[in-house]
Structure formats: C-alpha cells, structure tokens
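J.: A single structure is presented below for examination.
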Amino acid sequence: MNRRTAGTGGVFQRGAVFWIRYSYRGRKIRESSHSPQRVDAVKLLRRRLGEMGTGRLVGPDVERTTFEDLAVMLLADYNLNGRRSVKRVDVALVHLRAFFTFARVPDMTSDRIGAYIRYRQEAKAASATIRYELACLRRGFTLAIQAGKATHRPHIPSIAVDNARKGFFEPADFEAVRQILPESMRPFVRFLYLTGWRAGEAQGLTWAGVDFAASVVRLEPGVTKNREGREFPFAAFPALAELLREQRERTAALERKQSRIIVPVFHRNGRPIRSYSRAWTAACKKAGLVGRLVHDLRRTAVRNLERAGVSRSVAMKLTGHKTEAVYRRYAITSAADLSEGVAKLATLHSAPAGDRSVLPFATGTVRAQSGS
C-alpha cells in the first residue's frame, strides 16, 4: 500500500484507485478519489483540508446529498409532527423540484436560489407563494444540517409580501348575501360573522362542543389551526345564543324525521358542510359584492370587537389569533370609523373650554383637561 502525506492527511492506493485519509473532530475519515491518478487524490485531500480550515468540511456525505434528500427529510418532518400543511408542502415541492432536480446541496448556492426566485417570478407566481417555497427550502437545509448531510445553509433571500386583504362586511351587506344563500348555509355564515372563527373550525364544530348549561361553545385542543383549545361564552351575547338555540331546534326536528343522531352543528340535511364556495360566490355576485370571501367574515368580527372596545388580549382568545401582529392585520378601520372619530374630535374642540367632558371611543375613553 503506497502512502503519501499532505498536511495532516494522507494518500494511499487500493487496487487501481487512490484514496485519502484525514481526521476531523476526532473522527478518522477515508474517502475514495474515484481516480487511478495520485494527483487527483492529492487535490481532493487539499480541498478537504481547506474546508476544515474554514470550519466547514463538506465531505463525501454532503457532496452526495441532493435536493431530493432535502425534500424527503422535509416531508418526514411534517408527517412526524402531524402538521396539517403537508398538502401545501407537496405543492411547493413540485415547483422546487422542477428547478432543482438532481441538484447537489453544495451546488445550491445563494446565486442559484436567486435564479429560482426569478424563475418563479417570471412564471407569475404570487410573492406569498414564492416566500412559502423558500421557507420549505430553508427548513430542508436546517434538517440536513441536523442530520450531518449539509454543513451550512446558503443565504436564502426573503420576499416582501403585502397581501393583507382589507375586505369586511357592513351589516347591510352581510344580510344581503346571507338572504341569498341556501337556507342551510345561513346559520353557518352568521356564526362566522358573529364569532370570527375560521370556516374550518365551524365546519368541524359538533354538538358536544356546545354547552347550553354553561352557555359556552368550545373547541378542543388539536382541532384549531394553532392546536389550542378555545371557548366562546354566549350567555351575554343574545344574537349568538338565539342562533345556536334555533339551530339546535332545527337539528332536533331533523333527527326525529330521519331517526338518527346528527353530530355537526352546521349541516345540510344532516350532512356536514363540506364545500360552500360555489354557493357563496353566486350569492356575492347576485348581491353586487363580487370578490368577497368567507374569510372576510373573520375580519369583520375582529373589527366589531375593536369597535366594541374589547381588549385585544380577550379578543384574540375569542377569535383564536395567536399573535397580535396577525390580529392587527384584521383590525380594519373603515371610512365610517374615521369619520366617527373625527366627529368626536370636533365635538371635543367645539365645547367651551371649561365644559369639556369625557368622550367615549371604541378602544377606551379620552379625557380632555381644561387649558391643555
């Protein structure tokens, strides 16, 4: 066996192929150069020693890691943690694969990722979509580093996204749409309008979660988007209490007619409401409110909570918003809100200097002091 040293490693031959050996962090590594030429092995050894000098040893394992390895680890991580967005990850990986197929991790540089962003922008992909795909790629690199299949994560640029919708319903607009909807859907959308819960949460709500004795609607931990349980008391909310009582009476009558137990609170002739987009779109179009979304009802409920002066900490618990940053995106101010605020300000300034009283605002009160 012929040997030749280079730095802190060595070169040796096995059969017709030259190999290299070196130590890294107490681990002895032997790696084939896949070449019958000693000069190729020496070049590989010097490259490895250079990598160790920078603290980022690539090594054979990393060089063999491909984008597909990142994708496999990403999907395994989502499934292991029971995340609900696996389908969305699958869609993101379709686009990532189209660009990075057969790409090795060392070749996935910041420049290459920047080219991917341009590629997706040219395909007219939404900024939010591109940002999510980059987040998947970033997570894949993190998992690869943890598994020892990557030494570092390249810089992955962030994409600015300004896609916060501003849609909400005034009472008259909501009633116009609700009256056009099929009768079975009307309690469902009114519940969303009153509570601000997500449509999927209302679709999955069962009668076991409605406690009429305690006057509380409950979602158990694990069924909400953030997996936290939630309660919405309705003893002091007559509109919601009446809605739930009427829906319970309708359901009970249908149970007697069909001779069976109906589990979901909101249903179509006893069957869960699976899809509603077609009926909703048609109703909005007929009401002259094209483009409105069911999710706008959630924004509307948040705005109503703000108008009512409910503290944000309480409002977030009622609607299920986990962070105030997200909640603030929903706290929409309309032109009517601004006009009302200016009118109150005008009243304050027009009052005699010694007779300025407390004026209530949606989020609290403001006291004007004489001579200020």
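The values are calculated or read from the model by the stated rules, or taken from the named source; none is laboratory data. Here the structure is a predicted model, which means the values were calculated and not measured. Here Cβ is always computed from backbone atoms with ideal geometry, including for glycine, and neighbour counts include all displayed protein chains. Surface areas here come from the heavy atoms of the whole protein model, side chains and all, with no ligands, DNA or RNA. Shrake-Rupley method; radii C 1.70, N 1.55, O 1.52, S 1.80 Å.
J.: List the residue pairs whose Cβ atoms are under 7 Å apart, where the first residue sits in the range 147-175 and is under 17 Å from residue 294 (Cβ atoms), the second is at pLDDT 85 or above and of a type in the set (Val, Ile, Thr), and the two are 6 or more positions apart or on different chains.
T.: Short answer, once both residue conditions are applied: 168/300; 169/300.
J.: Restricting attention to the range 124-141, which residues are more than 19 Å from the chain's Cα centre (by Cα) and free of Cβ contacts under 8 Å to residues at least 24 places away in the same chain?
T.: 124, the sole residue that qualifies.
J.: Can I ask one more? Given the residues 198, 256, 260, 245, which is the only one that is at pLDDT 95 or above and within 24 Å of residue 276 (Cα to Cα)?
T.: 245
J.: Are there any pairs with C-beta distances below 7 angstrom linking a residue in the range 78-104 that is modelled with pLDDT of 90 or more to a residue that is part of a helix (DSSP H, G or I) and open to solvent by 70 Å² or more (accessible area, probe 1.4 Å), with the two at least 6 apart or on different chains, and if so which?
T.: Once the first residue is modelled with pLDDT of 90 or more and sits in the range 78-104, its partners that are part of a helix (DSSP H, G or I) and open to solvent by 70 Å² or more (accessible area, probe 1.4 Å) give 99/119.
J.: Can you tell me which of 72, 42 is modelled with pLDDT of 80 or more, more than 22 Å from residue 99 (Cβ to Cβ) and part of a helix (DSSP H, G or I)?
T.: Exactly one residue qualifies, and that residue is 42.
J.: Looking only at the range 1-25, which residues are modelled with pLDDT under 70 and outside any strand (DSSP E or B)?
T.: Residues satisfying the conditions are 1, 2, 7, 8, 25.
J.: Sticking with this structure for a sec: Could you check, for the range 78-94, whether at least one of its residues is open to solvent by 30 Å² or more (accessible area, probe 1.4 Å), of a type in the set (Phe, Trp, Tyr) and part of a helix (DSSP H, G or I)?
T.: no
J.: Still on this structure, I have one more. Can you go through 144, 115 and tell me which one is at pLDDT below 90 and out of contact with any Cys (no Cβ under 6 Å at 6 or more places or on another chain)?
T.: Testing whether each residue is at pLDDT below 90 and out of contact with any Cys (no Cβ under 6 Å at 6 or more places or on another chain) leaves just 144.
J.: Continuing with this model, one more query. Determine the pairs where a residue that is in contact (Cβ under 8 Å) with a residue 40 or more places away in the chain and over 16 Å from residue 253 (Cβ atoms), located within the range 265-281, has a partner that is among the small types (Gly, Ala, Ser) and open to solvent by less than 70 Å² (accessible area, probe 1.4 Å) with Cβ atoms under 8 Å apart, the partner being 6 or more residues away or on another chain.
T.: Between residues of the range 265-281 that are in contact (Cβ under 8 Å) with a residue 40 or more places away in the chain and over 16 Å from residue 253 (Cβ atoms) and residues that are among the small types (Gly, Ala, Ser) and open to solvent by less than 70 Å² (accessible area, probe 1.4 Å), the close pairs are 273/184; 276/199.
J.: Consider residue 266 carefully, then state whether it is open to solvent by less than 10 Å² (accessible area, probe 1.4 Å) and either aromatic (Phe, Trp, Tyr) or within 35 Å of the chain's Cα centre (by Cα) (or both).
T.: yes
J.: OK, next. Among the candidates 172, 208, 235, 239, which residue alone is assigned to a loop (DSSP other than H, G, I, E, B), at pLDDT 90 or above and either of a type in the set (Asp, Glu) or loosely packed, with under 15 Cβ neighbours inside 10 Å (or both)?
T.: Testing whether each residue is assigned to a loop (DSSP other than H, G, I, E, B), at pLDDT 90 or above and either of a type in the set (Asp, Glu) or loosely packed, with under 15 Cβ neighbours inside 10 Å (or both) leaves just 235.
J.: Quick one: residue 274 ticks every box in (1) open to solvent by 40 Å² or more (accessible area, probe 1.4 Å); (2) closer than 24 Å to residue 170 by Cβ bar one, so which box is it?
T.: Just one mismatch for residue 274, condition (2).
J.: Something else now. Can you tell me which residue among 85, 110, 127 is touching a His at 6+ places or on another chain (Cβ under 6 Å) and more than 24 Å from residue 31 (Cα to Cα)?
T.: 110
J.: Restricting to the range 175-205, name every residue that is open to solvent by 30 Å² or more (accessible area, probe 1.4 Å) and small (Gly, Ala, Ser).
T.: 176, 184, 200, 204
J.: In the range 269-360, which helices (runs of 4 or more DSSP H) lie fully inside it and hold 1 or more residues that are at pLDDT 80 or above and farther than 27 Å from residue 206 by Cα?
T.: In the range 269-360, 277-286, 296-307, 312-319 are the helices (runs of 4 or more DSSP H) which contain 1 or more residues that are at pLDDT 80 or above and farther than 27 Å from residue 206 by Cα.
J.: Here is a follow-up. Tell me which residues, restricted to the range 66-75, are free of Cβ contacts under 8 Å to residues at least 24 places away in the same chain and either open to solvent by less than 30 Å² (accessible area, probe 1.4 Å) or within 19 Å of the chain's Cα centre (by Cα) (or both).
T.: Within the range 66-75, 75 is the sole residue that qualifies.
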